[in-house]
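Visitor: For reference, the structure I am asking about is given below.
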Amino acid sequence: MRTYLCAFGLLAALLGAAPAHAQFSNRSLGLSLGYMDFKRTAGLAGTPFIGLEGSLYIENGFEVVSLSKLMFPTDTFSTPEKRVVGLAPSLGIRYLLLEETIRPYVGTDVSYLIVFKESISNFVGIGPNAGVDFFLSDSVSLGVRAQYNFYIALNEDTQTSLTGSVGLATYF
């Protein structure tokens, strides 16, 4: 009788158990809004931007990330000053300090800045970044990020920019 009760209890536990869920998926796509302070890099004033971001979890807390920014900074070298178009795609890696519902991270990106003025300006940059993602559900996160870039170009001084953004991403 005791064996039947143990078997019945085990069967009830197996049938009544909730299905297993993975904690979080390992790919994301999102949109971000931010501000990029060029510090007069190539005569550009600071500007808001909209960005498309994505990430792919590799292993052991590392992710490959991309953030492509579209902006319309003011060209302070032109007379009169006017708005120009800027694109800044980047590719980098970040390390997640925690992998729970709150995910602080540090990383570095390699970026390319192209500005469409009367002549096209091209810069290659590298810089550290830090941020934190807060998961609102298993598949949606809200994050903040800060980045400092050093831009180099032929026949130009080294330029810098400071970027801050807020993003909303979905994981799948």
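We did not get these values from a lab; they are worked out from the coordinates using the rules stated. Treat the numbers as computed from the prediction; the structure is a model and nothing was measured. Cβ atoms come from the backbone with ideal geometry, glycine included; neighbour counts cover every protein chain shown.
Visitor: Over the range 34-75, what relative contact order in percent results from Cα pairs under 8 Å that are six or more residues apart?
Guide: 38
Visitor: Let me ask something else about it. Magnitude of the Cβ-charge dipole of the range 107-172, K/R +1 and D/E -1, about the Cα centre, nearest 20 debye?
Guide: I would put it at about 60 debye.
Visitor: Which value results when the Cα radius of gyration for the range 110-169 is divided by 2.2 N^0.38 Å?
Guide: The value comes to 1.47.
Visitor: Right, here's the next one. Treating the beta-carbon of each Lys and Arg as +1 and of each Asp and Glu as -1, no other charges, what is the dipole magnitude of the chain about its Cα centre, to the nearest 20 debye?
Guide: 220
Visitor: Ratio of alpha-carbon Rg to the 2.2 N^0.38 Å globular estimate for the range 28-67, to two decimals, please.
Guide: Normalised Cα radius of gyration, the range 28-67: 1.57.
Visitor: Rounded to the nearest 10 degrees, what's the angle between the helix 2-16 long axis and the longest principal axis of the chain, both from Cα atoms, 0 to 90?
Guide: The angle comes out at about 30 degrees.
Visitor: Taking the Cα centre of each part, how many Å lie between the range 136-152 and the range 44-82?
Guide: 11
Visitor: Let me ask something else. Determine the calculated [θ] at 222 nm for the chain from helices alone, applying -39500 (n - 2.57) to every DSSP H run no shorter than 4 residues and normalising by the residue count; nearest 500 deg cm²/dmol.
Guide: It comes out at -3000 deg cm²/dmol, rounded to the nearest 500.
Visitor: Over the chain, what relative contact order in percent results from Cα pairs under 8 Å that are six or more residues apart?
Guide: 20
Visitor: Given N residues in the chain, what is Rg(Cα) / (2.2 N^0.38 Å)?
Guide: Dividing the Cα radius of gyration by 2.2 N^0.38 Å gives 1.47.
Visitor: Can you give me the relative contact order of the range 115-172 as a percent, contacts being Cα pairs under 8 Å and 6 or more apart?
Guide: 32
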